[in-house]
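Let me begin by presenting the structure, written as structure tokens, before commenting on it.
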Amino acid sequence: MLARIFSFGCAVLLLAGVLHAQPPAQPPAQQPADPRAQIASKIPGTRAEDLRPTPVPGLYEMTRGTYIAYVTADGKYALSGDLIELASSDNLTETRRRDLRAKLIGSIPESEMVVFGPRDPKYTVTVFTDVDCAYCRQLHSQIAEYNQLGIRVRYLFYPRTGPNTESWTKAEEVWCSNNRNEALTLAKRGAALKVKVCPNNPVAKHYALGRDFGLQGTPAIILANGELIGGYLPPGELAQHLKEVR
């Protein structure tokens, strides 16, 4: 009798152990691979961070500076051109370019620019300038008029002839002068500054940024929203455009 009771008790304990046993641990779910990394691996010099999905399934945006192209999800094909949303006629590519320009301009502190502005500006623009460019000189000859219309002008240097040229040296001389604003005005009037070039000036940095923007000439006016106006605009026209944009 005792043997029968003992056998029955063991069976109950065994059944209870089965009912309360914890299920075997499942291996952690694997995160899906980032498709951008797979695409980037097929395009030399490209990082996953350079890619982002577009509203078009299977199409990714690829950026280099402010240059934008589109690549297929398999990394086999690339498209160059603007992506337009037909329903709204919005140029999605240009909107993206403006965002990139504004971000890159924002990365340069004003302490590395030459700024001419009124006390209470209504607008701020950033202008890539070449000391020897005729239309750059025309724009600067009217700097007081731009300021009177509430336009604050922040200059970056873009010597179109590139490094180790006379225009490049003039830009460095302006920056290395005690009074940069006065020096820029004199240089644009054709005066020789004869200033010793100082180390760690920002001319090369400005020039590299202009190259990233794909500048075709100077002056190049960048608005606060990242819009690029290639060429000279008289004070009144620029003020009217800025008013419309606002």
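Side notes on the structure shown:
- Extension gain, Ala69-Gln38: 0.36 nm per intervening residue step, less the Cα-Cα distance, totals 9.5 nm.
- If the segment from Arg180 to Thr161 were pulled out straight at 0.36 nm per residue, it would be longer than the present Cα-Cα gap by 4.7 nm.
- In the chain, Cα pairs under 8 Å separated by at least six residues give a relative contact order of 17 percent.
- Cα-based Rg of the range 146-214 normalised by 2.2 N^0.38 Å, two decimals: 1.15
- Contact order relative to length of the range 108-199, as percent, for alpha carbon pairs under 8 angstrom and 6 or more apart: 31 percent
- For the chain, the share of DSSP beta bridges that are antiparallel, to the nearest 5, is 75%.
- With Cα atoms, 0 to 90° folded angle of helix 203-212 axis to the chain main axis: 60 degrees
- Taking every protein chain into account, the accessible area of the chain amounts to 61 square angstrom per residue (probe 1.4 Å).
- Computed over the chain, the percent of Cα pairs more than 26 Å apart is 56.
- By DSSP, the beta bridges lying fully in the range 109-162 are antiparallel in about 30 percent of cases.
- Amide H contacts of Val114 (H built 1.01 Å from N, under 5 Å, at least 5 apart or other chain): Tyr155
- If you model the range 31-85 as an ellipsoid using its alpha carbon gyration tensor, with each semi-axis the square root of five times an eigenvalue, the axes come out at 17, 13, 10 Å, biggest first.
- Listed residues Leu86, Leu51, Leu215, most fluctuating in the chain (Gaussian network, C-alpha, under 10 Å): Leu86
- For Leu83, the residues 5 or more places off, or on other chains, whose built amide H falls under 5 Å of its own are Leu92, Thr93, Glu94.
- Its alpha carbons considered, the range 73-151 gives a radius of gyration followed by a Dmax of 18.3, 55 Å.
- Using θ = phi - 60° in the Karplus curve 6.51 cos²θ - 1.76 cosθ + 1.60, the 3J(HN,Hα) couplings for the range 90-107 round to 6, 8, 5, 5, 5, 4, 5, 4, 4, 4, 5, 4, 4, 5, 5, 4, x, 7 Hz; x is entered for Gly and Pro.
- Using the Karplus relation 6.51 cos²θ - 1.76 cosθ + 1.60 with θ = phi - 60°, the per-residue 3J(HN,Hα) values for the range 126-141 come to 10, 10, 7, 10, 10, 3, 9, 6, 4, 6, 5, 5, 4, 4, 5, 5 Hz, with x marking Gly and Pro.
- Cα-centred dipole magnitude for the chain, charges only on beta-carbon of K, R (+1) and D, E (-1), debye, nearest 20: 400 debye
- Karplus (6.51, -1.76, 1.60) ³J(HN,Hα), θ = phi - 60°, over the range 188-197, in Hz, Gly and Pro reported as x: 6, 8, x, 6, 8, 7, 6, 9, 5, 5
- Nonpolar atom fraction for the chain, defined as the carbon and sulfur part of the 1.4 Å probe accessible area, stands at 55 percent.
The values are calculated or read from the model by the stated rules, or taken from the named source; none is laboratory data. Just so it is clear, the model here is predicted, and its values are computed rather than measured. Glycine also receives a Cβ, built like all others from the backbone with ideal geometry; neighbour counts cover every protein chain displayed. Heavy atoms of the whole protein, side chains included, go into the accessibility calculation; ligands, DNA and RNA do not. Shrake-Rupley method; radii C 1.70, N 1.55, O 1.52, S 1.80 Å.
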